[in-house]
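Below is one structure, written out as structure tokens; comments come after it.
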Amino acid sequence: MMSDHAAAVEFKQVSKNYGSGYVLQNFDLIIQSGKIVTIIGPSGCGKTTLLKMINRLIEPEDGTVLVEGKNVSGLDPVELRRDIGYVIQQIGLFPHMTIEQNISIVPRLKGEKKKALLARTEELLQLIGLSPEQFRSRYPHELSGGQQQRIGVARALAANPSIILMDEPFSALDPISRIQLQKELINLNERVKKTIVFVTHDIDEALKIADQIVLLKDGQIIQTGSPAELLDKPANDFVREFLGVERFNQYSI
Amino acid sequence: MDQFWNTIQADWPLILEKTGEHINLSLISVLIACVIAIPVGIVLTAYKRLANTVITTVSVIQTIPSLALFGFMIPILGIGTKPAIIALTLYALLPILQNTYVGISGVNPALIEAGTGMGMTRWQILWMVQLPIARSIIMAGVRLVAVQTISLATIATYIAAGGLGDIITRGISMINTTTILEGAVPVSLLVIIVNVLLLGLNRVLTPKGLRQHTKN
């Protein structure tokens, strides 16, 4: 067992019931820091519930969720969320704010100085490969879907959180932008070294970007490990099927 | 024609005085209606089930003939400015309430989720996200109400609340077209001016990102 220090997020005996049966029951999971961890599974497997428990958008019925060793139920949810990056599928950029205002929103909520915000926005725009001069004062509707979600990622990074939650962030994008953003995310995290918890239903995406994959079904972990481990030793037929049978044929040649 | 100008010249101070009263009546009523209906509209977005009942109840007021509503005020509050303002306010509630409710509920839920997930408090979501996005819809309600109230305020004369209606009714009882016009033209001018002013204000206040497109 790893020490608590290396765990960015830890679920201990977590249960959640929406009234129509348990989505999660006595769920345990440790997410190591500095890794891209993808949570994947068929719809309704509890992956989004899991993600939203980390920043208390959803409260567990039972059990504890620890973020960097601290029980989240004892933390102020607003403060907690400001310290965790959050990216959603629908992007959720504020249409009435410029790109600059959108990116700097969390630091502004935290009361940072204007000057520091300007420099930070510029740095982030460069980090995601968009020219600050060109994009800073534009509005979200003037950007393509892929550019908008890059801004979404930059916004999540703005307050320099150590953990970033991503809820199917690329699934509404066209295939070309999606593949590009996946690549950029991997490159980005080699530089920024965040713990990224990434929910997806796209197995190709999970295999491509993950350091660790958590495969869920009906609120249970079916298998967890690196993409190579899952491909080498699938735990059962469900894993094999979920990964795609043809992938194994390919590997077995 | 000479007589026409002479009458206007003679009545000019009266026209000004009555226009002042008229603006006063309308402005106070619209302001009170905003102060009541905007917060209530916002609160109702959190209680969708209650919202229907409240909006239906308020729209019943709209079905009362205006002349009758002013009449109903007499036994309750007597005559004068106060009952007139209350009647005008009651008429003004629905459009503002409805537009506030529709505007705030119409804000894309993804934006609320993004805001909450980033650590905005409910107040911050309201002030930084919902109100700026819903503002032009709310403003449209206020504009409608301003125009409607200025027209309706002419009836306030029947319960001795003053305003340009005084001049119009006097003209009617004298069967004097010039006098009627002396009351009616300022009312129309007021409506046009207020409408243009509010339209301009809305344009100035609308952030660039929300202009010329209605996404989100």
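Laid out as a table, the results:
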| item | result |
| --- | --- |
| Averaged over A:136-143, number of beta-carbon atoms from partner chains that fall within 10 Å | 3 |
| Exercise: per-residue mean of other protein chain Cβ atoms within 10 Å, A:83-94 | 5 |
| From phi via Karplus (6.51, -1.76, 1.60), per-residue ³J(HN,Hα) for the range B:40-47 in Hz, x at Gly/Pro | 4, x, 5, 4, 4, 5, 8, 10 |
| Global form of chain A, assessed from the alpha-carbon gyration tensor, a/c cut-off 1.5 | oblate |
| Heavy atoms of B:Thr154 accessible to a 1.4 Å probe, total area in Å² rounded to 10 | 30 |
| Charge dipole (debye, nearest 20) of chain B; +1 at Cβ of Lys and Arg, -1 at Cβ of Asp and Glu | 1000 |
| Extreme residue, positive dipole direction of the range B:9-207, given options B:Ala184, B:Ala160, B:Val35 (C-beta unit charges) | B:Val35 |
| Net charge over other residues, Cβ less than 15 angstrom from the Cβ of A:Gln13 (K, R count +1; D, E count -1) | -3 |
| Acute angle (nearest 10 degrees) that the helix A:114-127 long axis makes with the longest principal axis of chain A, alpha-carbon atoms | 50 |
| Peptides ranked, highest mean first, by Cβ atoms within 10 Å: ranges A:193-205, A:129-141 | A:193-205, A:129-141 |
| Spatially proximal lysines relative to B:Lys82 (Cα-Cα < 21 Å; intrachain offsets below 8 disregarded) | B:Lys18 |
| B/A buried area, accessible surface, summed, 1.4 Å probe, Å² | 2000 |
| Shielding by partners - mean other protein chain Cβ count within 10 Å, residues of A:220-232 | 0 |
| Cα lying deepest toward the dipole's positive end in the range B:98-216, options B:Gly141, B:Leu205, B:Ala110, charges on Cβ | B:Ala110 |
| Per residue accessible area of chain A, 1.4 Å probe, in Å² | 45 |
| Percent RCO, i.e. relative contact order, over the range A:161-203, from Cα pairs under 8 Å lying at least 6 residues apart | 67 |
| Around B:Leu197: net Lys/Arg minus Asp/Glu count, Cβ-Cβ under 14 Å | +2 |
| For the range B:9-207: accessible area per residue (Å², 1.4 Å) | 48 |
| Solvent-accessible area, 1.4 Å probe, carbon plus sulfur percent, for the range B:9-207 | 73 |
| Residue order for B:Cys34, A:Cys45 - accessible surface, 1.4 angstrom probe, largest first | B:Cys34, A:Cys45 |
| A:Ser162 accessible area, assembled protein chains, probe 1.4 Å, Å² | 50 |
| Packing-based ranking, highest mean first, of A:55-63, A:173-181 given that Cβ atoms within 10 Å are counted | A:55-63, A:173-181 |
| Within the accessible area of chain A (1.4 Å probe), percent carbon and sulfur | 48 |
| Long pairs among A:Lys52/A:Lys217; A:Lys47/A:Lys194; A:Lys114/A:Lys183; A:Lys12/A:Lys208; A:Lys110/A:Lys194, criterion Cα-Cα beyond 26 Å | A:Lys114/A:Lys183; A:Lys12/A:Lys208 |
| Sequence-separation-based contact order of the range B:9-207, relative, with Cα cut under 8 Å and 6+ spacing, percent | 29 |
| For A:Gln32, distant residues with modelled amide H under 5 Å away | A:Ala8 |
| Ranking by accessible area, most exposed first, for A:Lys233, A:Lys52 with a 1.4 Å probe | A:Lys233, A:Lys52 |
| Cα-centre dipole for the protein assembly as shown with unit charges at Cβ (Lys and Arg positive, Asp and Glu negative), debye to 20 | 580 |
| Listing of the range B:128-163 residues, each with accessible area lower by at least 40 Å² in the full protein assembly than in the chain alone (probe 1.4 Å) | B:Met128 |
| Heavy atoms of B:Leu25 accessible to a 1.4 Å probe, total area in Å² rounded to 10 | 0 |
| Whole-number percent relative contact order across chain A, with pairs defined as alpha carbons under 8 Å at least 6 apart | 26 |
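The values are calculated or read from the model by the stated rules, or taken from the named source; none is laboratory data. Just so we're clear, the structure is a prediction, and the values are computed from it rather than from any experiment. Virtual Cβ from ideal backbone geometry, glycine too; neighbours counted across all protein chains shown. Note: accessible area is taken over every heavy atom of the protein model, side chains too, but ligands, DNA and RNA are not part of it. Shrake-Rupley method; radii C 1.70, N 1.55, O 1.52, S 1.80 Å.
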